[in-house]
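Please read the structure below before turning to the comments.
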Amino acid sequence: MKEFVAKNKELIVYGGIAVVFIVVLIFGIKLLKKIFKKDASDIAAAELNNRNLTYNNSWYATSVDSLYAAMKGPGTDEEAIYRIIDQIRTIDDWLKLVALFGKKDNETLPQWLTSELGSSECAKVNAVLNPLGAGI
Ligand SMILES: [Ca+2]
């Protein structure tokens with residue numbers, strides 16, 4: 001073994017460097033992808049047309065707080081969610097909510113809604129969103 005190491009010192013050193021380089025490269029690419037990956041709130045913010053909003057800014061801020069309050073913690077206040085969703089009139093009302101919601105506990109508004117609501121409840125939300133060209 002000692003003899004093998006002595007004879008192949010260069011090979012072992014360069015091989016080791018190559019392995020470390022490849023591992024760093026793989027993890028580096030994964031990390032960069034994570035950092036630059038756009039989530040639903042980034043996309044909504046980019047697509048949002050502020051001239052096509054139905055309400056004033058405070059309505060969106062209040063609605064985002066109410067939606068979060070309806071979903072966080074145990075259980076879900078579905079009626080509170082529907083009350084807000086039913087007031088959405090334009091695609092931009094929805095995009096504004098998604099953009100403003102951002103990420104809470106690392107999840108976007110569509111992610112929160114789909115994890116809190118059952119499929120028939122998601123269908124109620126989509127009944128409002130789908131005609132506008134959106135959905136969860
Ligand atoms: Ca909940």
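Rule-based calculations on the coordinates, nothing more; no lab input. Only a predicted model underlies this, so the values are computations on that prediction, with no experimental measurement involved. Cβ coordinates were reconstructed from backbone atoms using ideal geometry, including for glycine residues, and neighbour counts include every protein chain displayed.
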Just for segment 80-122: of the residues that are within 14 Å of the ligand (Cβ to nearest atom) and among the acidic types (Asp, Glu), which one is nearest to the chain's Cα centre (by Cα)? 107
Matching residues, segment 1-40, being charged (D, E, K, R) and touching a residue at least 12 places away in the same chain (Cβ under 8 Å): 39
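This table checks each residue for (1) surrounded by fewer than 10 Cβ atoms within 10 Å (Cβ to Cβ); (2) in contact with a Leu (Cβ under 9 Å, 6 or more places away or on another chain).
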{"site": "17", "(1), (2)": "no, no"}
{"site": "22", "(1), (2)": "no, no"}
{"site": "26", "(1), (2)": "no, no"}
{"site": "36", "(1), (2)": "yes, no"}
{"site": "55", "(1), (2)": "no, no"}
{"site": "64", "(1), (2)": "no, yes"}
Single unsatisfied condition, residue 44 versus (1) touching a Ser or Thr at 6+ places or on another chain (Cβ under 9 Å); (2) loosely packed, with under 15 Cβ neighbours inside 10 Å: (2)
For segment 52-73, enumerate the residues that are within 11 Å of the ligand (Cβ to nearest atom) and among the aliphatic types (A, V, I, L, M). 69, 70, 71
